[in-house]
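Asks: Here it is, the structure, as structure tokens.
The values are calculated or read from the model by the stated rules, or taken from the named source; none is laboratory data. Quick caveat: nothing in here was measured; it's all calculated off a predicted structure. Cβ placement follows ideal geometry from the backbone for every residue including glycine, while neighbour counts extend to all protein chains displayed. Heads up: the accessible areas ignore ligands, DNA and RNA and are worked out on the full protein's heavy atoms, side chains in. Shrake-Rupley method; radii C 1.70, N 1.55, O 1.52, S 1.80 Å.
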Amino acid sequence: MDPSIQRALNDKLYDKRKVGALDLERVIRDLAAAKEFDRIKKIIQQLCNDFAYAVHQPHARNGGLIGLAAAAIALGPELARYLDEIVPPVLACFTDQDARVRYYACESMYNIAKVAKGEVLPYFNDIFDALCKLGADSELSVKNGAELLDRLVKDIVSESAATYVSVLHTSDESVVEGDKESPDESVDLPTAFSLADFIPLLKERIYVINPFTRTFLVGWITLLDSIPDLELVTYLPEFLGGLFKFLSDPNRDVHVATQGALERFLNEIKRISRIKKGIAESRNARSEGKRKRSGSMESEASVPPEAEGDEDSVTAADEKSVSSDDDWVPGQDVAVNHKDILEILTANLDAPLEEDSLQESLRWIVEFLDIAPEEVLPFAPKILAHLLPAMASGVEPIRQAAARVNTSLMDYVVSLSDEAGTPEPTPTVPSKIPTTALKENQERRDSSTNTRGSISGAKEPDRRESEVQTPPPPYNKAPTPTPPPVRPQVDLDYAAAVNSLTLLFLNDHEATRVAALTWLLMLHKKAPKKVLAINDGTFPALLKTLSDPAEAVVTRDLQLLSQISRNSGDDYFTSFMENLLQLFSTDRKLLETRGNLIIRQLCVSLSPERIYRTLADCIEKEEDVEFASIMVQNLNNNLITAPQLADLRKRLRNLETKDGQTFFVALFRSWCYNAVATFSLCLLAQAYEQAYNLLQIFAELEMTVNMLIQIDKLVQLLESPVFTYLRLQLLEPEKHPHLYKCLYGLLMLLPQSAAFAALKNRLNSVSAIGYLHIAPRAYVSQSRSNSVVEALSSLQLHTRQKSSEAHSSSFSAPANAGQSNFDRSSRLKGRDEGGIRWNELLEKFKSVQERARRAQRPGGELDDGLAMLDGRLGEGVDGKAYKELSRLQGPPLPLKDNPPAVQAGKKPTLGKFGRLGGAVGGARPKR
């Protein structure tokens, strides 16, 4: 360069540097016209080395930058060959400490890019990186300069990035012309802009935090995605994770821009998916049409005219589809990596604090379940692990989005068997499943809303083999479309899904736990052999979940356990019942609070008789006598009161059948642990003679507070609708002699409490009937009085006493029993022959009660009389029960000794008789 130009460029004043740059521009333009390229190259090297790279001379650097811009303007079309020397020093000035140098670097690059246009694209990554940093510059002027440069580069990229090939990569002019005429053949030549080279830089920069830089990045991503031929969506997984993080930026502009970009990408993925599905369907229709035509040609003679017309229309449609299929549709060859995108979406679900990112990820997953559900299926276990907790989120939009994903995913998994199983050609392997299993599978399929085939894929041979005998031959003959052979390969990882769902039992939210159990119910219904076995870790978790505080969770858990038991063998069912008893044994609070719910819910889902038989067998072997007694009491209360067990109660009342007898014996042998429960079982089965024999054994037992409370409850139950038949049988004393003995025996056991009064009233209301069946006594006519009230109360008193005596005498002696007693004894004899050995059952009862007595004796808890009541009051007997039991000392007790005085002829006063009659009639005397 001329020394004058050098001095001008080195000047500290901008105007002088500008004059020098204009002179330099004129000189280089003349040299370019004279084709003195060597001298031009030397001038450019001098500008770079002596000026632009002069780090400690800011004025020189400014002069070098403006000089390089002037040289670029002067070179014009010849600039491409010098860009390798011009661009690097300008890029180096972007990082200068002086803000003015950075600004002039932006200005210089702007002028260079404006001249070079597409030729600047090979340096795009370096320019982009510099702009990425300058966009967050602290100096406003630099930021504005960078923004101007950014706009220019965006214009160049949007115009030239997809197709522009640098002149440096072409060998001669003819090749360039050939490329312009046939752009499809220019694939061999690399374009100036390489998206593949740019993506690693974008991937690195996408995790910035600065809001200005984030806005800059979103702007560029949106621009590149808008260029059709670049297909940025192919590289979406590389930067999608960072883009989702932008949604949680506090800057509203960043959030809005990112939301728009993500919406654009999602719409593009949906569009590409629709195009590909449409092409696949048209190809399938075309191949189907070919098969139909070939079939119609073979049977052309037998085709009616209407069918020929249909064939012509099919052929026309087929040709149309062929022609449309041959046309290239934009997007048909774009490869979208659904798998990697779903990896990112699943990872986003694990960030509950980033609510916007979580909500958007859920929205994407819903769309993917519509676009490519088979791609989502392998991620189902991971999705479920984070999706179900989101269903209990405190943010309403997230909760709604999670519910939509849950519904869509469950619907797809439920529909899997239809899609994957039905089109499969059925194998000819003979079934290895027993006939019972086949029947159970058939019943389950019939009961479901839509009949399902095998679980997706060929991964469950047992279920498929069980169906071998059922499908008709047309399934094998029917032409199968082309997609189904691919779909069976897609299958849900049941083990991983079950593990994910089981871990959610520990979640704090009830909605999540209920949803997890709902999923397990559905999965087990689909694939009972793949989901939940007795020997895996899920079964203990399901048992533990019975202790859940939420009743909805316990109900779903019981439904699942019942469903597993229903689809399993006897070994599993027995093991389930044993484990349930073990759980009750260790967690007494669960038995107390949820025992009834669990037993009744199981009886709804499973066979009540099977449950009671199995539990009875398990209880009979129980070592813990106290727990066995509590458990029997609980089961017995449900047996008497639960509406779900009404059929079981009817069966128990019918002891004439062999089945009823074995069931009664099975229950009796385990019910022996609880004396009152055994007695009530006999009343329920109408085995009144056995019940009376039990009462005689009760006399030998030590009467505890707990036992008295149970008798009290039994008396209350006798007044319930369940025992209506028993109360009606009191009207037929000749048919049921021992029933009176049983009830009077209960009366003798009870203290004079409310239950005593209730039972006494009941017996008094029918005692006259029993009295009528006995020969009249002479003393009845001895009671004379002028008062009708006195006579009636006297008659009532003697009726109660003598009817009791009459029952004990007449029904125990064969001479007075009459024909009905003979019938009863013969009926019992018939039962003995049928299988119930009553004496053995009594011996069993005695031995079990003796064992219980020995087990409780070391504790010293048993005692007779009122001392026992006082001692046990603080150990759990409630105050009401204690008050009722304490009436042992009440006034009605000595009144029982008064009737002999009346009988001896001592005529009491009307007032005394009135009190006595009130006491006998059941009215509670005032203290």
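Asks: Take the residues in segment 726-770 that are farther than 14 Å from Gln696 by Cα and among the charged types (D, E, K, R); name whichever of them is surrounded by the most Cβ atoms within 10 Å (Cβ to Cβ).
Replies: Going through the qualifying residues, I end up with Lys760.
Asks: Against the definition (surrounded by fewer than 20 Cβ atoms within 10 Å (Cβ to Cβ), polar (S, T, N, Q) and farther than 22 Å from Phe368 by Cα), how does Asn267 come out, yes or no?
Replies: The answer is no for Asn267.
Asks: Got a sec? Which of Asp96, Asp84, Asp137, Asp126 is in the same structural domain as Cys48 (by the TED database), within 18 Å of Ala54 (Cβ to Cβ) and charged (D, E, K, R)?
Replies: Step by step, each of Asp96, Asp84, Asp137, Asp126 is checked, and only Asp96 is in the same structural domain as Cys48 (by the TED database), within 18 Å of Ala54 (Cβ to Cβ) and charged (D, E, K, R).
Asks: Quick check on segment 396-420: of everything there that is modelled with pLDDT under 80 and open to solvent by 10 Å² or more (accessible area, probe 1.4 Å), which residue is nearest to Ile371 (Cα to Cα)?
Replies: So the residue we want is Glu419.
Asks: Another question about this same structure. Does Thr545 qualify as being in contact (Cβ under 8 Å) with a residue 24 or more places away in the chain and either touching a strand residue (DSSP E or B) at 6+ places or on another chain (Cβ under 9 Å) or β-branched (Val, Ile, Thr) (or both)?
Replies: It is true that Thr545 is in contact (Cβ under 8 Å) with a residue 24 or more places away in the chain and either touching a strand residue (DSSP E or B) at 6+ places or on another chain (Cβ under 9 Å) or β-branched (Val, Ile, Thr) (or both).
A quick yes/no check of all residues on (1) at pLDDT 90 or above; (2) in contact with a helix residue (DSSP H, G or I) (Cβ under 6 Å, 6 or more places away or on another chain); (3) in a helix (DSSP H, G or I):
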| site | (1), (2), (3) |
| --- | --- |
| Leu683 | yes, yes, yes |
| Gln690 | no, yes, yes |
| Glu700 | no, no, no |
| Asn706 | no, no, yes |
| Val715 | yes, yes, yes |
| Glu732 | no, no, no |
| Lys735 | no, yes, no |
| Leu747 | no, yes, yes |
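Asks: Of all residues in segment 26-35 being open to solvent by 30 Å² or more (accessible area, probe 1.4 Å) and under 19 Å from Ile66 (Cα atoms), which is nearest to the chain's Cα centre (by Cα)?
Replies: Out of the qualifying residues, it is Arg29.
Asks: Looking at Ile5, is it closer than 21 Å to Leu168 by Cα and in contact with a helix residue (DSSP H, G or I) (Cβ under 7 Å, 6 or more places away or on another chain)?
Replies: It is false that Ile5 is closer than 21 Å to Leu168 by Cα and in contact with a helix residue (DSSP H, G or I) (Cβ under 7 Å, 6 or more places away or on another chain).
Asks: Would you pick out the residues in segment 5-38 that are assigned to a helix (DSSP H, G or I) and either of a type in the set (Val, Ile, Thr) or on the phi > 0 side of the Ramachandran plot (or both)?
Replies: Matches in segment 5-38: Ile5, Val19, Val27, Ile28.
Asks: Does any residue of segment 596-619 turn out to be of a type in the set (Val, Ile, Thr), in contact (Cβ under 8 Å) with a residue 24 or more places away in the chain, over 19 Å from Ala677 (Cα atoms) and touching a Cys at 6+ places or on another chain (Cβ under 9 Å)?
Replies: no
Asks: Take the residues of segment 629-652 that are small (Gly, Ala, Ser) and in a helix (DSSP H, G or I): which is nearest to Leu606 (Cα to Cα)?
Replies: Ala646
Asks: Residues being aliphatic (A, V, I, L, M) and open to solvent by 50 Å² or more (accessible area, probe 1.4 Å): count how many of those fall in segment 593-626.
Replies: Of the residues in segment 593-626, 1 are aliphatic (A, V, I, L, M) and open to solvent by 50 Å² or more (accessible area, probe 1.4 Å).
Asks: Quick check, is Ala196 in a helix (DSSP H, G or I), modelled with pLDDT of 90 or more and closer than 30 Å to His59 by Cβ?
Replies: Judged against the criteria, Ala196 is not a match.
Asks: Next question. Do you know which of the residues in segment 552-572 that are under 14 Å from Ala515 (Cα atoms) and of a type outside the set (A, V, I, L, M) is least open to solvent (accessible area, probe 1.4 Å)?
Replies: Once the filter is applied, the top-ranked residue is Asp557.
Asks: Among the numbered conditions (1) among the small types (Gly, Ala, Ser); (2) in contact (Cβ under 8 Å) with a residue 60 or more places away in the chain; (3) surrounded by fewer than 17 Cβ atoms within 10 Å (Cβ to Cβ), tell me where Ser629 comes up short.
Replies: Ser629 satisfies all of (1) among the small types (Gly, Ala, Ser); (2) in contact (Cβ under 8 Å) with a residue 60 or more places away in the chain; (3) surrounded by fewer than 17 Cβ atoms within 10 Å (Cβ to Cβ) except (3).
Asks: A further question follows. As an exercise: evaluate Leu606 against (1) over 21 Å from Leu842 (Cα atoms); (2) modelled with pLDDT under 90; (3) over 34 Å from the mean Cα position of the chain (by Cα) and give the number of the one condition it does not meet.
Replies: Checking Leu606 against (1) over 21 Å from Leu842 (Cα atoms); (2) modelled with pLDDT under 90; (3) over 34 Å from the mean Cα position of the chain (by Cα), the one that fails is (3).
Asks: Quick one: would you say Asp617 is of a type in the set (Asp, Glu), within 37 Å of the chain's Cα centre (by Cα) and in a helix (DSSP H, G or I)?
Replies: Yes: the conditions hold for Asp617.
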